[in-house]
Each structure stands twice: as structure tokens, then as C-alpha cells.
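Worksheet for the structure shown next.
None of the figures in this text is laboratory data; all of them are computed from the coordinates on show. In this text the structure is predicted, and so the values were computed from the model without any measurement. Cβ sites come from the backbone with ideal geometry, for glycine too, and all protein chains shown count toward neighbours.
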């Protein structure tokens, strides 16, 4: 049933009658901000932000109003059309400003993996939609730099007539700038979008060219992007102690002690997941992770100054935060930093994470700056018992949904063809029926046959393949639940697998088991464990070109640091409570991809007899069968077989009560012993 | 037959008659320098340095003269006696200079592991004779800082009444300085003995205390160490192309190209092994490694400026070096650096390796300084085919000597008791009979029973133990040969080993085999392989607290970088030709120690069928039996047994022709198949 919008005056009257200070004009901005955020999943709909009791008439008109603004923003045609016109418009803008070029990163003020629509500047300018990259625009030349995952995509999406396209590792932007910026040239950058360490790198590049890197006062691209969405306005809500497991005041007290010991007065927190963790709040400003786009300053007395658009503050949040957390609008952030400077405060800032703007402002104001890392990063990595229990519960529900999907897939493929996107949608539907479901934790990788060899594949109408018999189907997916975050990959034989794919799968499985079952002494880093995942592949001259594991948040980002299992050296020791993925793989370009991924939690292992060290191990959290048809039994030793059987038995026992009869029967067969 | 010294006048006459410009006064300094170097092993005796044809009379008088100077230097009693008097003398000297303290590192201008007698300042002042440590002397306090290997030794050797003794890892010197230097205090350091990175650290520590770190013009400790030996004067000689495998001019051309590409004009080489490798020369200024104490500047045109005491230059060396290598005395080094500065040259300096003095001089002179690493370090790490063949040959001879010793030990222990030092001497005697033998590559670790648990044990009269039945004997030893450097550890059961020691030994062996037999893709670092050596121990809650492998030079230092196998993260990929040790261990304090060490060379493995990556592996160079009596067969899998049998078969076949009949029979039994 649709409501008809009766106009602003009528809405204003209804609002006044409800004793609300809102009016249609202010609401227009609010709804545009709400529309600039991802679609909300939870109960905190935007009207909740109005903090007013809403009768049926007002409710109907608000719904109609929202529809009206949505329509308007969709038909907005004030913008520069796609294509080279945008590059020309930016160049004209730069010329007007007396600038010789501009750096356009794919990233926002918060340096996260996902960005709101407003921050998709690189895509707007160049057409490149990957999750990492950078463009540099000069007067007569422009180039896009991407990493190995995205070079093919960049070549397809970016117009080669107007942009050179480079693989960063071979042709870094800094080298290109050094070679192409004119002597005396001024290359601009938006100091909100680059970190101090990035700025340092590009400054050196400009200096090599005899030019100079210049921070712009505002973003020249934003000036020409007429229909750029506003900053997102998703509600910031309390994250219940029943899920968070530790009160914010306790977290702050604990970390403040370390700050005081180090003689630090304040830490600037620019990472939304750090703020979310520290204050036990969640937001929704980007897709796939419940992150609030806010800045905060954490003081050594345990208090926090939080800078947040007041329109995002969900009613009641203030009570949740207590008076130790002072709320101000984003405009107060700069003056607050100035006061830290005037007070000669010792301020810690993560130079790989914070916007350069913050560093510049603090420096100018006279703050004593301390290089360091965001103290929340390590603290939130080690989950507390309540978070771990939540993760376990979330994994039970998530596993049940995945098993329902796998059993459905098995039957469905026997009946009629199915495409990658149809499969992904079906899996999402199963998951969305789960309690506490809040959305996917990343865009599902539903990859049939050769698409499985594209490590970061994301199905699109153009690439959507049928899942065909005689191929492999790689499915990497996960969800956000109030009590935890999941991420699981299974590779499924469709029809009869070949000897080669079974051999490769089994080598990957050997690596997976080696990591899952290793014991290691306290102090060991994930990098030290990485070769265990690869050794079996190495013996056959094979390898995979990605890390073995990434940290995972607790109803936060599905990718979080600082721990990882990777070839890249790491100095971060694994600690009890840390959650990390275990996902070795193998990829044959143009043919198939294999990956087996479970999440695991680090725990203190009861010492074996005669043990002299404190030993840690992994508890596997993910519960889903590993395709028996893909296993070449002759390649597994007895210990590996025993691991497989024990894992499958656990999957079966834990998930059985959550499944309908048919699915339970399917699971029983899928998890029967190997021998 | 002894010669009687007839006095300086008579010697001068003989020298004049031989048309030599030398006289007794100059010869006194020369011989004092020669005596300050380790005892030479090779044919290049000191009289060779005179470059004069020596008749029988002169020869006799020179021998007598050398004896006379040796006697004089031994009976020299002008020095401050051992004990607190030295600390008092240093403090008086500091006071005279208006200084509030002084840093005394155990290290010299070349930052090597071994130092000449002149540089044993830490031992002279504090009594501590370990190979790493640091003292800081203030007006009323003094402290010695050592690492975990040496804390017990420091407590025994250093007088606790006058020096506090700290474990660096827990109480770093910088923290102690920050806490104890008085406000406004001036802490001195000898800029020849600290690197720029060390200076930076101590500067920050002094600043914390409100004091200042000050470079001294000369070393105040040297001023009070009256009988301090002069700098060593060991001959610098050519290293034959038949051993070096690549002409110096080719090495220089190759590296100069990289310098030019990077826009660098010159690199200062302060590491003696870098200079020795680049110029194909060897010296003898420190024990255990044929290193020349010289400085060099390597220019981007491929030429070298070498700063060396002319008295060390062995006749003919100039021809070997060619005119591309310009020789000057040490006094010319400073003015040369000044000219680099005046010329605004871009100069690269390794801030972890070079003396701060060089950086300061270059900075003052106006050179454009580039942070970087010594380019010879990585280049010399990958041995060329001639060096690899030399290493193999050296290991055959070395293996034969070790087998002779092991077979002798077996018989000898049945006959009568034997001590650690007697065993070490016997082993050295066997080795010294080998062709191309040039000395030990480090002080033999001959450790019986509980002494084996001391990782860097060195036998002394006080600790010398009998090698008793029912114990383990750990023997870590190696030698320098003209064609290669060896380093091998064996752990031998004396009598019947216990179940526990056999289990631990077998776990260590499993780690050793895992490393020895691993295949890994190009680009892999040693750190990535480290956990393979530990996994079997980890499964039982055990580990060892040292690295698994260090690089080894080719007739150079037995410990060299940049590659290593270690828990410490490394970014240096293993490359074909690199030599590295494979030495996992296990230590039970107060009871026994186990270590199994072979040297291995990285090589490009023929790709296995279906391989997609360029794979590397290890060739084991060391040839010596691993004690079968220590192996618990039930803990080895089939692949491990096969590796053991294949290794033992190779040891037997290769060494058999080099052994006498009895030893060959002993070896045959020692290397018979396990089954």
C-alpha cells in the first residue's frame, strides 16, 4: 500500500503537532544522508532518529516523504555524465585553482575497506570499482594504479585512452609522479583522504620531480561532482553488553592505564571499528560492517570526546555512553584538536590510519606528537569470553543456514540449471532467516568453474555463469550477526571431479588441517604458521598468491588486524581469544579455484605431558561439511583423516538439532567418516 | 734453536745492508701490531711484510727481535691492575674532561662478532669477556648490560659491588641512562664504536634525563689503559681467483651498475667482510675469521678507495688489486670523506653497521646522505659455483676429520677418561692436518652433560668436565679453509641414552629433516621455514630459544647475513647459492643439551611434475654421521627414515676414500641403515 505525499507544508504541520523541532527542509537533508548510507537491516529505521512519537498520519507522510526524496535523488541529472567529461571537468577545476594535478585515492577519511557512496570518487572519475586503487591526474596525463587482484578489472573498466593503467607493485604511483610531474609543478591532495605516511611518500616523489605536494582546502573533485551524495547518516546505536561482554567504562579504564604509563595525554581514534569497540556502539555508514563514521579522542583519564553528526545519534545513546563520553558535532573536531595543541598535550596518532589533516592540525596547534598505533586495535583483537560465546552461537546458526543451502543446492542442481547470482541470493535468503542477522559481512563470492580462479571474484550480470556439472563451485560468504561475524569458504564438486582437482583440493586440505591442528608456543606470530598451510602444495611445486588468514571482528569488520597468517612478516603474536581465518587455496587460471576456509579462535591448550612452554592452539569455529567427493584419501595420513572425521562428527552433532529432517539426513551423509 | 738478539744497532746495520728502509724503531711498532693480531696460521709470516730479501743473519736477528718484543710486551706492567682501580681511573679521566659519564660497548670500529685485543675495552674495564655487552659508567653508578646468553657469566665475571648487571631485554641501557643520568649531564661516547642508529637511541635516552649525549674526540678509556695493544697488523693478502670464483673487477662492475641506477655516487664500506669479498682479499686482524681491518669507499664508477695501514699490505697486493683500487693510509680517510662532501656526492651508508664518526664527518662536509644497506652483504651471501665447489670440498675434508675424531672418541672413552678441553684439542689436531686449513671458525663448543644446555658454552679450566658414560656430549665446531668455512654440531650418546633424551633428540631430528628436505617457492624467506624445524617439538610443548639457521661466509665469517632461519621476521628471500645452517636443538637446563647442525646450500630444484612455481631446496653440505643410538625409530615416519638412510649412505660413500681402514669400518657401522 503506497502513501501519497501531501507536500512540505502538510508535513511541517504534522511535525509541529507532534511537538517536533524537525521540518521538511531539515528532513530533506536527513533523508538524503540516510539514502547515502547502505540499506539498513535492523530495527533502527530512520524515523527513529527523529526522537518523536509518531502517529499513523505522520507515519504515512514520513514514508511518503522518504519515497519522494528517494525518487528525486534517483532522477537527479545535474551531474557530469560518465566518461572523459568528468576528467575534463576536474582538470578545468584544477586549472582554475592554479593546481597542476590531483591525487584521487579509493578511500575515505576512515581508511576502511568499504566506503560510502559519497567517497566513491575513484569510481566516479575513472569507472574503476575495485576496493583498492589510486588515480593521479596531471594536466596532460592521468593514470590509475591498482594491485594484482584488480589489474584485469581496471583494464576493462577504465578507459585506456584517458588513463594509463598500472600494476602498483611494478609501477608505483610515486615513481610515475616523480617522472611526470612538471618541474615546479603543484600536485594537490585532499588531506582528509591520505594518511601521514602516504603524504610523506608522495612528497618525496614530488620533490624528485622538482615539484611540490600541496594539501587542498577542499576537494576539487567534490566541486565538480554535482550530484555527489552527502555523508551517510546511519543511526549510531548501543551495542548491548550481552554481546560486547565488557562495559565501555572497563575497556577505557584498562587502556587509559597504559596511556598514562606511557605519558600520553590523548589518542586520536580515526578508525570507526576502534571507536565502535571502545564505546560499545555500532553504526551503518558503510556496507557489510556496522561501522559509525565518527572521530574520537580517547583521553588518558578514560574519558572520550566523540565527534558525530547529532542527527545520527539514536535516542537513548547518550545514556548508554554515560557522561564520560562527551558528544559534539563534527565541526567541533578541529577546534578541539587546537586546544590539545594549546595545552601542549602529548597526543598519539597512528600515521598509517589517521587522515593527514589531523596530524597537520595538531602540529600547527603545537601538540607534542607521538608516533604509535591505535591501542584499540590489539585490545579488540583478543575477544572476551562473551564475544567468543557469541561467535560460537553465530557460527552455529550460520553453519545451519549454509548446510540448508548446500543440501538445497545438491537437490536443485539435479532438477534445473542455476547461476552464480541465483545461488548467492538463495544463500543470503537462508542466512537472513537467522536470529540476530544484520546483513552479509562481504559481497558473496559465488564462483563457478573458471570464475573460481579469480580470487576476489564478485558476480555481475556480465560474468554470471551457470553452475555446470563437471566443474568446481567456490563459495566464499559470511554474515554479520549481533553476536558475531562469519566468513566461510567451501569448494564443491559439481558432478564428478577430476583426479587433478581432487589432488589439488586434498593438498589444500592438508594445509588447512596443518594450521587447524598446530600447537605453538606463546609469542608465535601468524606469519610463523603460514608455511604449514603451504608445505603440501610446495612439495608439488604449487602455491597460492594470497595470505592464509586475516583477523575477524566481533560484529565488526570481517577483515581486521593486527594479527594475520601470511607470508608477509608480522611481529604481532597470536593471543588467546584472537579470531583468524584459516583459508589456504589453489587457483588454476581459466579453469577452477579451490579454497577451504574456516574461522578459528586462539586458545590456551592444556599442556601436553612433559610440556615446558605455555602452548596455544586453534578452536575451529566454522561448522560446515567439507566436500568428501573432493578428497583423495590416499594423500591423507592417519592424523589428517582423524582430524577430518572428528571435525565432521562435530559439525553433524552441533548442527543436527537446528535442521529439518531432510537437511539433517543430507548432512549425515555429507559428514560420514572417510574410511 | 734460539737466536740471541744483538741489539738495535746491529739489526739496523743488517737492514741497511739488505737495502731496506726499515729500522729497529719502526720494526718495534710493526711487531707490536703483529702481536696485537691473532696468531697467524698461514705462510704469510710477518717478515713477509718487510718486502726485503732476507739472508740467514738477518733472518736470525729478526726472529730474535720478535722474541724480544714479545717478551717485553708480556712483562709490561705499566697498566692499571685488574679490578675497581680501572673504573676509578676512568672516572678520574672523565672528571678531568668535564664529562659525567661514558658508554663502553663490546665492539670495535667494524662492528664484528670478534674484536682484536685492543678493542677488549669492556673486558678490561669490567672483567666481562662475553661477545656482546655494554657498560655505562656514570659518576656514582655503573652498569653492565648483557643478553640472555651471558647473564650468568656477567654475574660471575663482573664485580657486583661496582657494577649493576642487567639483562638488556628487561633493562635496556637506554632506560637506565634515562633514569640515572643527572639533569644537564653530559654522557660521552666514542663515535668510532657506535653506529648512527645506536647513537640515536642513546641520544633519546639522554634527552629523557634532561642531559645530552656527546661524541668524544678520543676515547677516554684508551687514555687510562696504559698497556692497551696497538691496532692489529695482520698481513692483507690476495684471495686467489681459484677460490673466489669471480674477479674483483667483475664484482665491482656488477654492483656499480646498481649504484648508478639508484643515483648513488659512493658507498662507504665499513664491514671488513664486505671489503674482503669485493676485493678478493683476506686479512687476519681478528680470531676465527680472515678479516682485514680496513675501510673502503666503493665508487659508482667501479673503483675503490681503500684505507689501510701500509705496513699491512703484503708485497704484491697492489698488482692483485689493479689500479682501480687506490690505496691510502688510514689518516687519509677523513679528508677523503670531506672531499665527498665538498663534491656534494650522494653517499650511501649503512646506519646499523658504520661508525657514527663516518656519518658525522660526511654530514659536516655536506655530502648528500642516503640510508641504505651495504650492497656487498646480499651479493656475497649467494655463493658462485666456484665457491660452492670449494665449500663442498672443504666439507669433505672437514667431515673426514670429524669422523676420525668421532671414531677416536668412541675408542678413547672405552680406554680412559677424557675432558671436554682434551676432546676439543684432539678434534682441532685432526682438522689442522687438512689441506687449506687456516684455523677454527669459532671457539669449539665441547660440552659434556649439563654444559650442553648452555647454548654458547665455551670450555674453561674452571668448567672443564669429564665426558662421562650415561650422558650426552654436544660438540659444535668448525674450521676455516682457503676454499670454505664449516660449522657442524653433533650430539653423541656416551653409553646408553635414556628414553627421554632419545625422544627429545628424535624430535629435534624431525625438525632438522623437515628443513633439510623442504621445497619452497622462490621468494620465500628463512623466517618462513623456521616453524618447520620446531613443529615436532611444539607438539610436545617444547621449543628452543635460538634461531634455526645463520648465513655462513666462504672463507669469511662463520656468521653472516642477511639471510637467516629464525622466529625473527625477515624480508630477505633465500636465493640459490646462499649457505645457511640448519640447527634445531633442545636444552634441559642443568641436565643436557641437544643440537643437530648441518650447513645447507640453497639450490634451484628441478621442478616436480605439474609444478607451476620456480622451486628451491637445500643441498646438505655437512658430512658426518648422526648418532643412531639417539634415534627413537618409532617417532620417525617413512619419509624421515628414508632421508636419514640416504644421508648416511652419502656420508659413507663420500668420506670412505678419505679414511684409514679402521675409521672407514667405524663409519660403516655408524651409517648403516636404520631399519
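Assorted remarks:
- The DSSP beta bridges internal to chain A are antiparallel in roughly 75% of cases.
- Between helix A:24-35 and chain A: long-axis angle, C-alpha atoms, 0 to 90°, nearest 10: 30 degrees
- Spin-label model, residue A:8 to residue B:152: label points 7 Å out along the Cα-to-beta-carbon direction sit 8.5 nm apart.
- For chain A, the longest principal axis of the alpha carbon atoms and the long axis of helix A:638-655 meet at an angle near 60°.
- 10 Å Cβ neighbours from other chains, averaged over peptide B:511-520: 2
- Chain B has one residue whose beta-carbon comes closest to the axis relating it to chain A; that residue and its distance in whole Å are B:569, 1.
- Inter-label distance for residue A:82 and residue B:642, nm, one decimal - labels placed 7 Å from Cα along Cα-to-Cβ: 5.7 nm
- Within 10 Å of each Cβ in A:602-613, the average number of Cβ atoms from other chains: 3
- Helix B:526-538 vs. chain B, principal-axis angle (Cα, 0 to 90°, nearest 10): 50 degrees
- Seen through its C-alpha gyration tensor, with square-root eigenvalues sorted a ≥ b ≥ c, region A:84-224 comes out rounded because a/c lies under 1.5.
- Ranked packing of A:492-499, A:200-207, most packed first, by mean Cβ within 10 Å: A:200-207, A:492-499
- Relative packing of B:654-666, A:618-630, which averages over residues the other C-beta atoms within 10 Å, highest first: A:618-630, B:654-666
- Computed on region A:129-262, with alpha-carbon pairs under 8 angstrom and 6+ residues apart, the relative contact order is 16 percent.
- Förster radius 45 Å - calculated FRET efficiency between residue B:363 and residue B:167, Cβ distance, rounded to 0.05: 0.85
- Tensor-based shape of chain A (alpha-carbon gyration tensor, a/c under 1.5 rounded, otherwise prolate or oblate): rounded
- For residue B:227, the point set 7 Å out from Cα toward Cβ sits 9.3 nm from its twins in the other copies, listed from shortest up.
- Centroid-to-centroid, using Cα positions, region A:503-571 and region A:344-403 are 23 Å apart.
- Summarised in one figure, the compactness ratio Rg/Rh of region B:385-665, Cα atoms and Kirkwood Rh, is 0.95.
- Fewest-first ranking of A:581, A:446, using other Cβ atoms within 10 Å as the exposure measure: A:581, A:446
- Take residue B:656, push a point 7 Å out from Cα through the beta-carbon direction, and compare it with the same point in every other copy: 6.2 nm, smallest first.
- Sequence-separation-based contact order of region B:385-665, relative, with Cα cut under 8 Å and 6+ spacing, percent: 21 percent
- Listing A:522, B:346 from fewest to most neighbouring C-beta atoms within 10 Å gives A:522, B:346.
- Per-peptide average of other Cβ atoms within 10 Å, ordering A:267-280, A:58-71 highest first: A:267-280, A:58-71
- Counting Cβ atoms of other protein chains within 10 Å of each Cβ in A:527-536 and taking the mean gives 5.
- Copies compared at residue B:21 - label distances in nm, ascending, label defined 7 Å from Cα in the Cβ direction: 9.6
- Normalising the average separation of contacting C-alpha pairs (under 8 angstrom, six or more residues apart) by the number of residues puts the relative contact order of chain A at 10 percent.
- Förster-model FRET efficiency, 30 Å R0, residue B:260 and residue B:319, C-beta, rounded to 0.05: 0.65
- Residues in region A:344-358 reached by a label modelled at residue B:207 [backbone nitrogen below 17 Å; 7 Å Cα→Cβ]: A:345-349
- Prolate/oblate/rounded call for region B:311-394, Cα gyration tensor, a/c under 1.5 rounded: oblate
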